[in-house]
Amino acid sequence: MHFVISRREANKQATREALIRAAVDLAREHGVDQVTADMVAERVGVSRRTFFNYFPTLDQCLSATFSEAVTKAVEAFSERPADEPVLTSARHAFAEVLNPAATSDMVWVMRASIESGRVGALCEIWHQANDSMVASLRERAPGADDLWIRSLAASIIGVAQSVFFAWMTRDPESQDIEATHSRFQSDMARSLAYLSQGFETSAPHS
């Protein structure tokens, strides 16, 4: 089924994307701590009030691309075949939804936010992802033990978080977008394999 969005919705989406782009560009130019909502709004040509109509905080604007990627991954997990092994679904979901062209921004924002101590928005993204994964697993396995569901959800999200952080430390400014994206897919598959194998006593060496 195809949905046709209205011109108004298209304009709203364009404004939102412009705000995100401006926030990231300004943060790269001046540093995360030097950017304000007023600066972002001015660059896009909208009012400060308009900015806050789209984003409650500047940090949420900066991390929006990353937030959307994680949200789409959990949504993609929910849409995987119900009889598919859970960790296989997770591997496909997190590996396939990421937009390779957005990887540089995501890695840069994550690193800059952590270095400046502005991790609240990132923590909230993972917290919401965990809650969504719990809800998805409950739909997938109705009647399953709640502790099993919560433990599995936390494990999957924890793996994804670990892969993102490991990915963040590897050549974050690489211009080879496809190679960077491929490496993320490989790392996600490897980390989920560790989880499925129960993390052997003898640690593998890189």
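Values quoted throughout were computed directly from the atomic coordinates according to the rules given, and no laboratory measurement underlies them. These numbers were taken from a predicted model, which means no experiment stands behind them. For neighbour counting, all protein chains shown are included, and Cβ atoms are generated from backbone atoms with ideal geometry for every residue, glycine included.
Computed extension length for Trp148-Ala10: 45.5 nm, one decimal, from 0.36 nm per residue of separation with the Cα-Cα distance subtracted. Helix 120-140 and the long axis of the chain differ in direction by around 40°, with both axes built from C-alpha atoms.
Residue by residue, the stretch 46-60 carries 3J(HN,Hα) couplings of 10, 7, 4, 4, 4, 3, 6, 5, 9, 9, x, 9, 5, 4, 5 Hz when phi is fed to the Karplus relation 6.51 cos²θ - 1.76 cosθ + 1.60 (θ = phi - 60°); x denotes Gly or Pro. Here Cys123, Cys61 are placed in order of increasing Cβ neighbour count within 10 Å, fewest first, which gives Cys123, Cys61. Summing Lys and Arg as +1 and Asp and Glu as -1 over all other residues whose Cβ lies under 15 Å from the Cβ of Asn53 gives a net charge of +2.
Here the gap between Glu17 and Glu42, fully extended at 0.36 nm per residue and compared with their Cα-Cα distance, gives a gain of 7.5 nm.
For the pair His127 and Glu96 in one chain, pulling the backbone fully straight at 0.36 nm per residue adds 9.0 nm over the alpha carbon distance. Cα-Cα pairs above 24 Å in the chain: how many percent? That tail contains 48 percent of the Cα-Cα pairs.
Across the stretch 183-190, rounded Karplus estimates of 3J(HN,Hα) from the backbone phi angles (6.51 cos²θ - 1.76 cosθ + 1.60, θ = phi - 60°) give 5, 4, 4, 5, 5, 5, 5, 5 Hz, Gly and Pro being marked x.
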